[in-house]
Amino acid sequence: MGESVRSLDSLPTITVGADFAIHRGAILAQAEREHGPIFHVLDHLNRKWLYLVGPEANRMVMLTHHHDLSHGEGWERLTGAIQTLGEGLLFLDGEAHRLIRTAVSPAFSGSAIGDVAGTINQIIEKHVESWRGRVSVDLYEEVYRITFELSAVVLVGLKEERSIKDLMRLFHELVSLDLRGTEETRSPISNVRARRNEIRGELIDLLRTVANRKQLGTGSTPLDLIAASSDVDGVAISDEALVAHANAFLIAGHVTTSSLCAFLLYQIASDQTLQERVAAEVSRMLEPSGCFNHRQINGSPLITDLIKEAQRLFPPVSELPRVATADLTFFGYLIPKGTTLLCSVSGTHMSAKVFRDPERFDHTRFAEPQSEPWSLVGFSGGPRRCIGANMAITEVGLIIAHVLNRYALEPKNESEPVPVYSPFLAPWGGIAVRLSDR
Ligand code: HEM
């Protein structure tokens, strides 16, 4: 170790209030400008977090040192997610992660997405058509329903409406059971644990009894591919582990996609010129069947740049939590083994050094190629980049196409929707818009 390596004790600390949940990216970008890419944040609950911000930090965390950083420990310390959801792909490390990621990757290839694009189109069309006759909708609520159904059908392999509803009910109860919150609500932790185990049991039964559960492992959904694989000891994947993977796909796949898509639709709703451009663009691509060709939608520079800008300004995952499994150095500081760190996606995205006028929604910024690598990282990067990124981009593009093809949108409220992170992005109070038929 060189003499110039400094201890984390000598880092600057910024103190933040409760509004950190809303203005996180801007606050972190400002701190990075003043103090450099590594500093402590003392939050309103008096908790101290080590933050790393900026392209260099992203490159270190996502690429050069990803082997020395635990995802599972990081997410568990930040959210307690493993206790609640089990140890799905998102939370695995090392060889256990590599095996599952390799097994499941074919389900996310371009051709696999092509195979399910028709189903995705149909589900979106069914939901969007059901808005007909309504004068307003909450975009977040509606898109949340669509992406849950898409995840249940495309990722988990459910087919019947009853099973999809049951999955949604059980999944929501599971994620709302917060073990740490129970002390405040005086609900005995043992009761919560018991209910959590019951729900996991019901989820296992659901997977077993759905029509295709008998053949789970023979189809081509991500869950099928996992069911057909084995763990590090060569043992077949247990039902409990399968539920954990299904939970990880649901939490990683639909909460994220719905918030990004709802915030983007709102941006389009609030700019009439842009809205007419998007509507004209998608109407050119409408096929006689009433569907859209996802390759054409994904190939549209306008839609691609809009999704990139929404990803930049409203990153659904604002930070990547990690625990160091070896001593690391960054920017002259020693990060000892066992340290928890947060690599900030939103802080990078709001950095004026990287993006001019960062607070502004301006999709045209992507018309020119980005000069700075590791700057747009809403889907992370490197070997553990989001496995569902192309699926998410396809879903968002198709939702935009179906909505703008049918309806003209207009914001319903004077004030803009408020993006809140806890820890994933969601709009406080929803995103209401007025609808009229095109
Ligand atoms: C707009 C939508 C989405 C965003 C912004 C997003 C973002 C991310 C990010 C930032 C990570 C890295 C997390 C970390 O390293 O700690 C990640 C990982 C992951 N995402 Fe996504 N995601 C989205 C949609 C999806 C979808 C549709 C799926 C479908 C299954 C998905 C599945 C996953 C999985 C399984 C991982 C873990 C991959 C691994 O560790 O190997 N995501 N996502």
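The values are calculated or read from the model by the stated rules, or taken from the named source; none is laboratory data. Quick caveat, the model's predicted, so the values are computed rather than measured. Please note: Cβ atoms are built from the backbone with ideal geometry, for glycine as well, and neighbour counts cover all protein chains shown. Each accessible area value is taken on the protein alone, full model and side chains, heavy atoms only, with ligands, DNA and RNA left out. Shrake-Rupley method; radii C 1.70, N 1.55, O 1.52, S 1.80 Å.
Points worth noting:
- The range 247-298: number of residues that are open to solvent by 10 Å² or more (accessible area, probe 1.4 Å), touching a Leu at 6+ places or on another chain (Cβ under 7 Å), within 13 Å of the ligand (Cβ to nearest atom) and closer than 25 Å to residue 118 by Cβ: 3
- The set of residues from the range 115-174 being in a loop (DSSP other than H, G, I, E, B) and under 24 Å from residue 429 (Cα atoms) comprises 130, 131, 132, 133, 134, 135.
- Flag for residue 409 being of a type outside the set (Gly, Ala, Ser), out of contact with any His (no Cβ under 6 Å at 6 or more places or on another chain), touching a residue at least 24 places away in the same chain (Cβ under 8 Å) and within 16 Å of the ligand (Cβ to nearest atom): no
Residues checked against (1) of a type in the set (A, V, I, L, M, F, W, C); (2) modelled with pLDDT of 95 or more; (3) out of contact with any strand residue (DSSP E or B) (no Cβ under 7 Å at 6 or more places or on another chain); (4) within 12 Å of the ligand (Cβ to nearest atom):
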site	(1), (2), (3), (4)
303	yes, yes, yes, no
312	no, yes, yes, yes
316	no, yes, no, yes
325	no, yes, no, no
338	no, yes, no, no
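- Selected residue [under 30 Å from residue 48 (Cα atoms) and of a type in the set (Lys, Arg)] from 406, 385, 365: 385
- Among residues of the range 354-380 being on the phi > 0 side of the Ramachandran plot and within 14 Å of the ligand (Cβ to nearest atom), the one that is most open to solvent (accessible area, probe 1.4 Å) is 374.
- Enumeration of residues in the range 72-96 that are out of contact with any Ser or Thr (no Cβ under 8 Å at 6 or more places or on another chain), assigned to a helix (DSSP H, G or I) and either of a type in the set (Lys, Arg) or without any contact (Cβ under 8 Å) to a residue 60 or more places away in the chain (or both): 72, 76, 82, 94
- Hey, residue 50 closer than 22 Å to residue 7 by Cα, assigned by TED's automatic domain parsing to the domain that holds residue 353 and in contact (Cβ under 8 Å) with a residue 40 or more places away in the chain or not: yes
- Scanning the range 391-401 turns up no residue that is within 22 Å of residue 53 (Cα to Cα) and within 11 Å of the ligand (Cβ to nearest atom).
- Any chance residue 71 is near the ligand (Cβ under 10 Å from one of its atoms) and in contact with an Asp or Glu (Cβ under 7 Å, 6 or more places away or on another chain): yes
- Among the residues of the range 414-438, the ones that are assigned to a loop (DSSP other than H, G, I, E, B) and within 18 Å of residue 404 (Cβ to Cβ) come to 2 in all.
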